[in-house]
């Protein structure tokens with residue numbers, strides 16, 4: 001039961017954070033990029049920059065845990 005609770009919390013936090021980010025991203029000139037994380041200068045953000053951002057804002061959520069969560073969630077949705 002604990003796994004389900006943690007997954008739901010992760011899902012809610014992730015969805016909320018991504019929606020908030022996409023709202024801010026919509027103000028950028030390259031907002032139609034195929035990449036989720038974009039910079040002001042180019043379409044793509046280097047992975048070291050993404051790691052630095054995650055480390056600054058969260059001790060629990062990392063790019064790796066986010067990828068793992070979404071992959072697991074996608075597999076369970078089938």
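Read-outs throughout are calculated quantities, based only on the coordinates presented, and are distinct from any laboratory measurement. This is a predicted model, so every value here is computed, not measured. Backbone-built Cβ (ideal geometry, glycine too); neighbour counts: all protein chains shown.
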Extension length gain for residue 50 and residue 22 (0.36 nm per residue less Cα distance), in nm, is 8.6 nm
What is the packing order of peptides 19-29, 44-54, taking the mean over residues of other C-beta atoms within 10 Å and listing the highest first? 44-54, 19-29
For the residue 72, residue 29 Cβ pair and Förster radius 30 Å, calculated FRET efficiency rounded to 0.05 is 0.30
